[in-house]
1. Are there any pairs, at least 6 apart or on different chains, whose C-beta atoms fall under 9 Å, with the first in the stretch 249-273 and on the phi > 0 side of the Ramachandran plot and the second of a type in the set (Asp, Glu) and modelled with pLDDT of 95 or more, and if so, which?
2. Being in a strand (DSSP E or B), on the phi < 0 side of the Ramachandran plot and at pLDDT 95 or above narrows it down to one of Leu100, Leu114, Leu108, Leu124, so name that one.
3. Being touching a strand residue (DSSP E or B) at 6+ places or on another chain (Cβ under 8 Å), more than 16 Å from the ligand (Cβ to nearest atom) and not in a strand (DSSP E or B) is true for just one of Ala267, Ala225. Which residue is that?
4. With Leu114, Leu134 as the choices, which residue is in contact (Cβ under 8 Å) with a residue 12 or more places away in the chain and more than 21 Å from Arg261 (Cα to Cα)?
5. Condition first: more than 15 Å from the chain's Cα centre (by Cα) and crowded, with 23+ Cβ neighbours inside 10 Å. Now tell me which residues in the stretch 128-161 satisfy that.
6. Could you tell me how many of the residues in the stretch 160-193 are free of Cβ contacts under 8 Å to residues at least 24 places away in the same chain and of a type in the set (A, V, I, L, M)?
7. Only residues that are within 16 Å of the ligand (Cβ to nearest atom) and not hydrophobic (A, V, I, L, M, F, W, C): list them for the stretch 121-144, please.
8. Could you tell me which residue of the stretch 168-195 is surrounded by the fewest Cβ atoms within 10 Å (Cβ to Cβ), considering only residues that are within 16 Å of the ligand (Cβ to nearest atom) and among the charged types (D, E, K, R)?
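The values are calculated or read from the model by the stated rules, or taken from the named source; none is laboratory data. From a predicted model like this one, the values you see are computed outputs, not experimental measurements. Neighbour counts run over all protein chains shown; Cβ positions are idealised from the backbone, glycine included.
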Amino acid sequence: MRWTVAPLLLALLPWSCTTRAEPADGGAAAAPAAAEDAAPEEPAAPARLFVHVFSAGFEHGVAKPGPDGADSLVEAQWRAWDAADDRFEAVISREPPASLDGFDGVFLYTTGELPWSDEQRAMLLDFVRGGGGLIGAHCATDTWYEWPEYGAMIGGYFAGHPWNEEVGVKVEVPDHPATRHLGVSFRIADEIYQHKEPWDRSRLTVLLSLDPATTDMDKDGIYRADHDVAISWLRHEGAGRVFYTGLGHRPEVWRDERFRRHLVEGALWAMGR
Ligand SMILES: [Zn+2]
């Protein structure tokens, strides 16, 4: 009766690795078929991540293209991380995807109402609900306010950033791949977002949150009377997975090894790896 135990275990571990659903069309986005004949040491094909940095609203310094259209810092870091890590491949594009076939995840560092067509937005929704990963950093929640299904999918909308300084962060789930290098708490200097509806703790798994005991809670504009300020979370959307981290405003954060590991491992989790 071992099979009856599995759902219970999965319920206890909301971030655990359930088998990634195959797209209905069995398309190229599927994970490689179980290679029963392959040598066990054969590495899996790298996960393919569509990396989209686009500022339709506020343009962050880290998202600003270099001279002659060179990489922004966000793009440059994804390129460097890809080069140093066999587990994923970052495909960097400032254009919306023409197709998400063959991709395992979409990463957004974006603001405002992105100029994607209705078809492209429907494709993103179908991609995630069909088993793909959605990965957002920082301003990914300052995006697409006029598309409520996106807000529900990413987990909430930006509602001010009272802090831009060193803050204390609680690691609420210390055994997730995206957090296990962070201990039970840490300090970091960054701009910290609050989130509003549809953000709801009951709809997601909070990985990181602001520690009110070690953070200045007398700042102007603190929106949440309960001081429940989530910084990173996971969710499931249909058969897909969502990983969001609110960190990533300051350039030094993008160069911080703790952030690289947090984001890359979170992205790999969202891509079912
Ligand atoms: Zn910011």
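1. Correct list of pairs: Gly272/Asp104.
2. The conditions single out Leu108.
3. Residue meeting the stated conditions: Ala267.
4. Leu114
5. Trp144
6. Final tally of qualifying residues: 1.
7. The answer is Gly136, His138, Thr141, Asp142, Thr143.
8. Per the stated criteria, the residue is Glu191.
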